[in-house]
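Engineer: Handing you a structure now.
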Protein chains: 2
Amino acid sequence: MKYGIAAFPSKKLQDLANSYRKRYDTKYAKVPPHITLKEPFELKDEELDQVLEEIRHAASELNPFKLKVVKFSTFYPGTNTIYMKIEENKDLTVLHQRLNSGKLDFGMEHPFVPHITIGQDMMYDEMQDVIGRLKMERIAHEETIDRFSLLYQLEDGTWTAYETFKLGK
Amino acid sequence: MKYGIAAFPSKKLQDLANSYRKRYDTKYAKVPPHITLKEPFELKDEELDQVLEEIRHAASELNPFKLKVVKFSTFYPGTNTIYMKIEENKDLTVLHQRLNSGKLDFGMEHPFVPHITIGQDMMYDEMQDVIGRLKMERIAHEETIDRFSLLYQLEDGTWTAYETFKLGK
């Protein structure tokens with residue numbers, strides 16, 4: 001089964017992200033707006049318990065993190081994706097490292113660029129037009145995230161939350 | 001903010017439910033297939049912590065429950081909804097009662113009929129056609145559910161999982 005780990009921001013930020021996603025994100029209906037903390041990975045049923053234990057252990061040792069959206073950006077020319085860029089900070093970096101090392105090291109395809117996707121699989125012209133407009137907008141949003149979720153993917157591509165983990169004691 | 005409590009069945013049962021939902025359920029893209037344990041209710045931000053505490057307390061005192069799908073059925077003439085009917089059992093009934101009484105009693109619009117919706121807002125003729133065919137199919141699925149989730153609703157009607165609760169110690 002395919003799993004992934006993500007953090008969901010506040011309703012306010014999710015609503016803002018969705019105002020773009022409904023128009024520009026082909027995966028809008030598959031999962032709520034999120035920050036990916038661990039790329040999708042495969043687990044056999046019998047491996048789940050040990051991984052859960054490891055994630056629980058990691059979460060308890062880590063801190064809630066500041067989520068600060070600083071600007072809109074794009075992964076172009078890698079992919080025609082636009083996103084809200086999240087400022088890196090130590091708590092977030094450590095959380096990402098912890099979820100991708102040791103017993104939780106299942107390989108990473110991409111370097112960690114903390115973000116909330118708001119558009120993907122866009123045509124080049126539309127992407128340039130949208131990011132051009134977004135670059136002129138001011139965005140300043142800050143909140144604290146104190147939890148993250150392990151999700152699994154259904155056959156139709158949608159994600160269901162399996163368990164939430166609180167950061168810290 | 002609007003919250004609700006639901007349990008998500010196994011991927012296998014969700015995939016089966018979605019094979020119908022993608023055609024017949026107007027809320028297909030809003031939330032994964034689920035059993036509603038507590039109807040949507042409003043909470044102010046400052047009320048959340050106390051309710052979370054109460055739900056955690058309830059979950060710890062209760063048992064995982066058997067989910068046995070026994071047949072397809074419909075809420076017609078109440079609504080043009082079709083669903084997988086879940087056999088009632090004591091653990092499930094007690095869980096539902098506990099999540100809807102005492103400090104968690106926020107009123108209920110419907111009596112508790114445990115189910116997984118697979119079609120809603122259907123035209124009468126299509127609903128009759130579909131339920132007629134489904135009544136002739138055999139369905140026998142049983143599993144144990146050991147957790148449930150508190151969800152909140154975004155402005156576009158989609159639901160995000162806020163926290164999962166394990167049933168039992």
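Please treat every number below as a calculation from the coordinates, not as lab data. If you're wondering where the values come from, they're calculated on a predicted model, not measured in any experiment. Every residue, glycine as well, gets a Cβ built from its backbone with ideal geometry; the counts of neighbours run over all protein chains shown.
Engineer: Criterion first (away from every other protein chain (no Cβ under 14 Å) and either crowded, with 21+ Cβ neighbours inside 10 Å or not in a strand (DSSP E or B) (or both)) does residue A:51 satisfy it?
Structural biologist: Working: away from every other protein chain (no Cβ under 14 Å): yes; either crowded, with 21+ Cβ neighbours inside 10 Å or not in a strand (DSSP E or B) (or both): yes.
The answer is yes for residue A:51.
Engineer: Residue A:66 - would you say it is surrounded by 19 or more Cβ atoms within 10 Å (Cβ to Cβ), part of a strand (DSSP E or B) and charged (D, E, K, R)?
Structural biologist: When the stated conditions are applied, residue A:66 does not pass them.
Engineer: Run down A:155, A:109, A:88 and say which single residue is without any contact (Cβ under 8 Å) to a residue 12 or more places away in the chain and in a loop (DSSP other than H, G, I, E, B).
Structural biologist: Checking each option against the conditions leaves just A:155.
Engineer: For the range B:50-98, what are the residues that are β-branched (Val, Ile, Thr), under 28 Å from residue A:165 (Cα atoms) and in contact with a Leu (Cβ under 7 Å, 6 or more places away or on another chain)?
Structural biologist: Answer for the range B:50-98, where residues must be β-branched (Val, Ile, Thr), under 28 Å from residue A:165 (Cα atoms) and in contact with a Leu (Cβ under 7 Å, 6 or more places away or on another chain): B:51, B:55, B:94.
Engineer: Restricting attention to the range B:138-165, which residues are more than 7 Å from chain A (Cβ to nearest Cβ), closer than 20 Å to residue A:22 by Cα and either within 15 Å of the chain's Cα centre (by Cα) or basic (Lys, Arg) (or both)?
Structural biologist: Hits for the range B:138-165 are B:153, B:159.
Engineer: Taking the condition of being more than 10 Å from chain A (Cβ to nearest Cβ), crowded, with 19+ Cβ neighbours inside 10 Å and farther than 19 Å from residue B:143 by Cβ, how many residues in the range B:6-37 meet it?
Structural biologist: Number satisfying all stated conditions: 2.
Engineer: Also, I was wondering about something else. Just to be sure I understand, how many residues within the range A:96-140 are over 30 Å from residue A:150 (Cβ atoms) and of a type in the set (S, T, N, Q)?
Structural biologist: 1
Engineer: Evaluate the following for residue A:133: is it among the basic types (Lys, Arg) and within 27 Å of residue A:12 (Cα to Cα)?
Structural biologist: The answer is yes for residue A:133.
Engineer: Let me spell it out: the conditions are (1) within 14 Å of chain B (Cβ to nearest Cβ); (2) touching a residue at least 12 places away in the same chain (Cβ under 8 Å); (3) touching an Asp or Glu at 6+ places or on another chain (Cβ under 7 Å), and residue A:67 meets all of them except one. Which number is the exception?
Structural biologist: The one condition residue A:67 does not meet is (1).
Engineer: If only one of B:101, B:60 is more than 14 Å from chain A (Cβ to nearest Cβ), out of contact with any His (no Cβ under 7 Å at 6 or more places or on another chain) and without any contact (Cβ under 8 Å) to a residue 40 or more places away in the chain, which one is it?
Structural biologist: Details: B:60 fails: without any contact (Cβ under 8 Å) to a residue 40 or more places away in the chain.
When all the criteria are applied, what remains is B:101.
Engineer: On the given criteria, is residue B:75 surrounded by 14 or more Cβ atoms within 10 Å (Cβ to Cβ), free of Cβ contacts under 8 Å to residues at least 40 places away in the same chain and over 14 Å from the mean Cα position of the chain (by Cα)?
Structural biologist: Answer is yes for this residue.
Engineer: Okay, next question. In the range B:24-48, which residues are in a loop (DSSP other than H, G, I, E, B) and among the basic types (Lys, Arg)?
Structural biologist: B:27, B:30, B:44
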